[in-house]
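So the structure is just underneath, and the comments pick up after that.
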Ligand SMILES: Nc1ncnc2c1ncn2[C@@H]1O[C@H](COP(=O)(O)OP(=O)(O)OP(=O)(O)O)[C@@H](O)[C@H]1O
């Protein structure tokens, strides 16, 4: 199996508060693995996803992603990977309220090349049906329920068929039926496209369905 993530964090310190988290944390992930990250509130799960997803580069350590040491990569390369190779389903990734749900979901396509764009648009309708949001595509986010918005954030995160999906509590505000739907979709992408899945979750039933569970501890 091919290693795609090799992360070795010495520590992450928040400048303002001097709080130090993720001390001597190491993570190696192979392409196509499904990893669940669990741990008590405040332990650093979301911060870890931000580092894996190249949203945060302010930490001590070394991170090799897709075979390249990230320190050596230009910001434009990091931005390209963030947009095309990494799919974020993050709690705080707000939808833009002035755009329809459909336009929000299609935002990442703005930066895609025309071939990829075409193939994604071909599957768009069936993908939206599978996520169960075909009925809200023309609505504005504020006219949707919390669970519908969560599913729209999920749709936007996976639309580019990324190599890695980083999902932060993707099932938190969903009922049983939609929770099942989202987890099944994540795993279907993993099977069909060998997508690596990294899920932060408080739901042990969801965590157990991954290949590995990583327990983050304080310090
Ligand atoms: N920008 C920031 N500045 C200072 N401290 C921060 C910042 N972001 C997060 N923290 C702190 O870092 C710690 C880890 O936060 P993080 O959100 O990664 O935890 P978490 O494990 O994802 O928590 P939860 O399960 O509640 O979402 C917390 O103590 C939090 O208060």
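Each value in this text was obtained by applying a stated rule to the coordinates, not by laboratory testing. In this text, all values refer to a predicted model and were calculated from it rather than measured experimentally. So basically every Cβ, Gly included, is an ideal-geometry build from the backbone, and we count neighbours across all protein chains shown.
Taking the C-alpha atoms only, the angle from helix 146-158 to the longest principal axis of the chain is near 70 degrees.
The calculated FRET efficiency for the pair residue 79 and residue 208, based on their C-beta separation and a Förster distance of 30 Å, comes to about 0.30.
Relative to the present Cα-Cα distance, how much length would full extension add between residue 172 and residue 109 at 0.36 nm per residue of separation?
Working: separation 63, 0.36 × 63 = 22.68 nm, distance 2.65 nm.
Extra length from residue 172 to residue 109 when fully extended: 20.0 nm.
Pick from 99, 78, 110 the residue whose mean-square fluctuation is largest in a GNM of the chain, springs joining Cα atoms under 10 Å. Largest GNM mean-square fluctuation: 110.
Sorting 102, 180, 217 from the fewest to the most surrounding beta carbons within 10 angstrom yields 217, 180, 102.
Helix 114-131 axis versus longest C-alpha principal axis of the chain: approximately 80°, rounded to the nearest ten. When the chain is treated as a Gaussian network with alpha carbon springs shorter than 10 Å, the biggest mean-square fluctuation among 73, 55, 186 belongs to 73.
Using Cβ counts within 10 Å as a stand-in for footprinting exposure, how do 212, 151 rank, fewest first?
Details: 212 11, 151 27.
Fewest-to-most ranking of 212, 151: 212, 151.
Can you give me the relative contact order of the chain as a percent, contacts being Cα pairs under 8 Å and 6 or more apart?
31
Extension gain for residue 26-residue 57 works out to 9.6 nm (0.36 nm per residue, less the C-alpha to C-alpha distance).
For 37, 96, the sequence from fewest to most other C-beta atoms within 10 Å is 96, 37.
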